[in-house]
Amino acid sequence: MNENNPQLEQTIQVLRSFWRIQRNFGRWGQASIKNSNLSMPQFLILQAMFPAQVISQKSLGERLLFPKSTLSTSVDGLVTLGFLKRSIPEENRREVELELTEAGREQVLLMHNEPNGVYQKMMGALSQLSEESIHTLLELHQQLYELMIDTETTENGEDARC
């Protein structure tokens, strides 16, 4: 393919590897929410909130990279379902804080235990790897993440860490 540029070929292979994994995460994520009547953004919000006690809506939006309209609509739905509680702190009336309710925690745990969902499928795949391989995988992902953030910080002067 790119015989003249082995570094580019390697980069393409790594990116394709992540894309294949991400595609499975998407399929498995859909299976996780199949019986819950949640949208994918709502699923991701609940996952990001778990097990945190309280997080600002602004921080949550920055973490998930959702457009404000998607975040707002999804949060409204989760509040209506009783999975999130929304409040405005006295010390900063411009901030909106979100808290996962007990019903929200229970919903997350149900999704964690969905047999065909992302958590059970990933647990099954990881169970076939050694502890050392999993540890190495996590270390490599962390190193790559930090290198990517360092590159991004250098390019735009902002720290984009989640």
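Each value in this text was obtained by applying a stated rule to the coordinates, not by laboratory testing. Values in this document were obtained by computation on a predicted structure and should not be read as measured data. Positions of Cβ are backbone-derived with ideal geometry, glycine not excepted, and every protein chain shown enters the neighbour counts.
Odds and ends about this structure:
- The structure-derived value of volume of the Cα convex hull per residue in Å³ appears in the list [x] 445; [y] 129; [z] 169 under the label [z].
- Neighbour-limited loop hits for GluC sites (Glu not before Pro), segment 1-81 (at most 14 other Cβ within 10 Å; DSSP other than H, G, I, E, B): E3
- Extending 7 Å from Cα along the Cβ direction at L8 and again at E62 yields two label points whose distance is 3.7 nm.
- Estimated FRET transfer efficiency when R0 is 30 angstrom, pair S87-Q47 (beta carbons, to 0.05): 0.90
- As a rough footprinting exposure proxy, the listed residues I12, I33 were ranked by other beta carbons within 10 Å of their own, and the order from fewest upward is I12, I33.
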